[in-house]
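All remarks here apply to the structure that follows.
Any read-out appearing in this document is the output of simple, stated calculations on the displayed coordinates, not a laboratory observation. Note that the structure is predicted; figures quoted are calculated from it, not measured. Counting neighbours? That spans all protein chains shown, and the Cβs are built from the backbone with ideal geometry, glycine included.
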Amino acid sequence: MRSSFAILVALTALAAPAFAADAPKNITEAVANSARPETDVKRDADRKPAQLLAFAGVKPGDKVLDLMTGGGYFTRLFAGAVGPTGAVYSYQPAEFGKFAKEPMPANGSKPDPTRPNVTFVTTPISEFKAPDKVDLVWTSQNYHDLHTKLLPVDIAKFNKSVFDALKPGGTFIVLDHSAPAGTGLNDAETLHRIDEAAVRKEVEAAGFKYDGSSDVLRNKDDSRTIKVFDPAIRGKTDQFILKFKKP
């Protein structure tokens with residue numbers, strides 16, 4: 001029979017991916033914050049937030065723009081990681097408003113009183129512009145939407161706007177559902193996947209320098225040929241994470 005100590009060690013090992021002991025203190029504390037919604041915490045095992053924020057290099061005092069925030073999972077983590085001296089801009093395209101269950105917050109408002117360093121920003125996607133120069137622009141599982149009917153946009157112009165939003169030396173992180181190599185943009189509309197090589201080509205064309213990738217969300221068991229919302233793979237798709245720097 002295993003001792004209680006051995007069981008505790010095993011459970012700690014299982015929890016390790018969410019907290020990443022080697023992540024900076026500001027990040028581990030943001031992930032461990034008891035004020036985070038339970039629904040967010042339940043997603044940590046699949047999303048590995050400590051590793052992701054550490055890869056992005058989020059520091060106290062940073063200004064972060066969370067681009068197409070979804071339900072705000074990463075926005076809330078960024079708010080804790082940058083601390084009271086930092087700022088987070090939660091950007092949602094105005095086009096997403098027609099799908100929202102409730103009206104979007106007003107542009108420039110602070111909709112979360114428990115996170116006063118978060119400012120909500122919305123414009124039509126074609127008019128995207130950061131309210132201030134930022135250290136990090138982050139987009140998670142949404143870049144492919146820029147190649148769908150949902151968000152009609154000139155991708156070259158858009159990526160240049162992201163470039164302009166960043167301070168010199170700033171970081172652009174693109175995390176998305178992986179499509180098979182060589183498929184380019186073919187699966188963006190149908191499967192909500194995109195070929196990472198196509199993303200890299202587009203982003204570098206805006207003046208960014210490629211600065212590496214992370215395999216923390218890779219899943220070799222994902223065939224990458226089914227829609228990301230399919231119950232067989234939802235929440236566990238093979239995902240790439242690319243880091244770009246503004247010179």
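What tally of residues in region 213-228 results from selecting those that are assigned to a loop (DSSP other than H, G, I, E, B), of a type outside the set (Lys, Arg) and within 19 Å of GLY184 (Cβ to Cβ)?
Count: 5.
Which of the following residues is in a loop (DSSP other than H, G, I, E, B) and not hydrophobic (A, V, I, L, M, F, W, C): LYS149, LYS167?
Only one candidate passes the filter, namely LYS149.
For region 148-166, give me each residue that is out of contact with any helix residue (DSSP H, G or I) (no Cβ under 7 Å at 6 or more places or on another chain) and of a type outside the set (Asp, Glu).
Answer for region 148-166, where residues must be out of contact with any helix residue (DSSP H, G or I) (no Cβ under 7 Å at 6 or more places or on another chain) and of a type outside the set (Asp, Glu): THR148, LYS149, PRO152, LYS157, LYS160, SER161, VAL162, PHE163, ALA165, LEU166.
Any residue at all in region 89-96 that's farther than 30 Å from ASP215 by Cβ, outside any loop (DSSP other than H, G, I, E, B) and either within 18 Å of the chain's Cα centre (by Cα) or acidic (Asp, Glu) (or both)?
Yes, the conditions are met somewhere in region 89-96.
State whether the residues of region 131-139 include one that is under 28 Å from PHE229 (Cα atoms), of a type in the set (Phe, Trp, Tyr) and touching a residue at least 12 places away in the same chain (Cβ under 8 Å).
Taking every residue of region 131-139 in turn, at least one turns out to be under 28 Å from PHE229 (Cα atoms), of a type in the set (Phe, Trp, Tyr) and touching a residue at least 12 places away in the same chain (Cβ under 8 Å).
Among the residues of region 103-131, write down those that are among the hydroxyl-bearing types (Ser, Thr, Tyr) and farther than 23 Å from VAL153 by Cα.
Once the filter is applied, which keeps residues that are among the hydroxyl-bearing types (Ser, Thr, Tyr) and farther than 23 Å from VAL153 by Cα, region 103-131 yields SER109, THR114, THR119.
Please go through region 130-153 and give me each residue that is over 21 Å from LYS98 (Cα atoms) and either aliphatic (A, V, I, L, M) or more than 17 Å from the chain's Cα centre (by Cα) (or both), ordered by number.
Across region 130-153, the qualifying residues are ALA130, PRO131, ASP132, LYS133, VAL134, LEU136, VAL137.
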